[in-house]
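Visitor: I'd like to ask you about the structure that follows.
The values are calculated or read from the model by the stated rules, or taken from the named source; none is laboratory data. Since the model is a prediction, treat every value here as computed from it, not as a measurement. Positions of Cβ are backbone-derived with ideal geometry, glycine not excepted, and every protein chain shown enters the neighbour counts. SASA here: full protein model, heavy atoms, side chains in, ligands and nucleic acids out. Shrake-Rupley method; radii C 1.70, N 1.55, O 1.52, S 1.80 Å.
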Amino acid sequence: MTIDATMVGRSYAAAESYQVGREKIREFADAIGDGNPAYRGADAIAPPTFAFVLGSRALEQLLNDKELGLRLDRIVHGAQKFSYIRPIKAGDDIAATATITAVRKAGDVEVIMYETALTTVDGEPIATSTSTISHNRADA
């Protein structure tokens, strides 16, 4: 199946919420080489790109939608930006939902734009990520 405009609006919730721990924040900061003290300690906040870790759980659901027929080996991740209402912090329990916002086709390449909303499990908005992926359906 190819991607078309009827798929705009489909939403994919992460299977589980993510309990943000200060050690996970520190490990992420270390992995990206950022020694900012705000990313350490009992009141740690997460680096801005930590939101991808949380949103990737919803993206996984989108990528596994059999009706979309996407193959991971044919996907290129394009643009991504984050908009924050407040920082992600240790102790947050975050839910993620990805929603397809636009699609277009250019030959064998399908371009899918999606937005991932991050909220606490109580519904407090935290951040939004806007992303683009390209999927090539050309025969291998």
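Visitor: LYS89: which lysines have alpha carbons under 16 Å from its alpha carbon, excluding same-chain residues fewer than 8 sequence positions away?
Guide: LYS24
Visitor: Rounded to the nearest 20 Debye, what is the dipole magnitude of the chain about its Cα centre when Lys and Arg each give +1 and Asp and Glu each give -1 at the C-beta?
Guide: Using Cβ point charges on Lys, Arg, Asp and Glu, the chain gives about 240 debye.
Visitor: Considering only protein heavy atoms and a probe of 1.4 Å, how much of the accessible area of the stretch 43-140 is carbon and sulfur, as a whole percent?
Guide: 53
Visitor: May I pose another question? When the Cα atoms of the stretch 92-134 are enclosed in a convex hull and the volume is divided per residue, what value in Å³ results?
Guide: Taking only Cα atoms, the stretch 92-134 has a hull volume of 55 Å³ per residue.
Visitor: Could you grab the relative contact order for the stretch 61-137? Cα pairs under 8 Å, six or more apart, rounded to a whole percent.
Guide: Reported relative contact order: 37 percent.
Visitor: In a shell of Cβ-Cβ distance under 11 Å around ARG10, excluding ARG10 itself, what net charge do Lys and Arg (+1) and Asp and Glu (-1) give?
Guide: Here the count lands on -2.
Visitor: What nm value, rounded to one decimal, do you get for the distance between ASP93 and GLN80 when each label is placed 7 Å out toward the C-beta?
Guide: If labels sit at ASP93 and GLN80, their model points lie 2.6 nm apart.
Visitor: May I ask you to list the residues of the stretch 51-67 whose amide nitrogen lies under 17 Å from a point 7 Å from Cα along the Cα→beta-carbon direction of THR6?
Guide: 65-67
Visitor: Something else: Once Lys and Arg get +1 and Asp and Glu get -1 on their Cβ, which of THR99, SER134, ALA117 lies farthest toward the positive end of the dipole of the stretch 76-140?
Guide: SER134
Visitor: Of the peptides 106-112, 73-79, 90-96, how do they stack up when ordered by the mean number of other Cβ atoms within 10 Å, highest first?
Guide: Listed from highest to lowest mean packing, they are 90-96, 106-112, 73-79.
Visitor: Between ILE32 and ARG71, 0.36 nm times their residue separation minus their Cα-Cα distance comes to what?
Guide: Extending this stretch completely gives an extra 11.3 nm.
Visitor: Counting pairs of alpha carbon atoms under 8 Å apart in space and at least six apart in sequence, what relative contact order in percent does the chain give?
Guide: 31
Visitor: Could I get the Rg over Rh figure for the stretch 3-57? Both from C-alpha atoms, Rh via Kirkwood, rounded to two places.
Guide: Taking Rg over the Kirkwood Rh, I get 1.17.
Visitor: For the pair THR132/ALA102, report the inter-label distance in nm, with labels modelled 7 Å from Cα in the Cβ direction.
Guide: 0.8
Visitor: If you line up the long axis of helix 51-63 against the longest principal axis of the chain, both from Cα atoms, how many degrees apart are they, to the nearest 10?
Guide: Tilt relative to the chain: about 30 degrees.
Visitor: Just the Cα atoms of the chain, one point each, no solvent: what log10 I(q)/I(0) does Debye give at q = 0.10 Å⁻¹?
Guide: -0.37
Visitor: Can you give the angle from 0 to 90° between the axis of helix 22-31 and the longest principal axis of the chain, with both taken from C-alpha atoms, to the nearest 10?
Guide: 60
Visitor: Follow-up question, since we're still on this one. Suppose we keep just the alpha-carbon trace of the stretch 45-104; what are its Rg and Dmax in angstrom?
Guide: In Å, with Rg to one decimal and Dmax whole: 13.5, 39.
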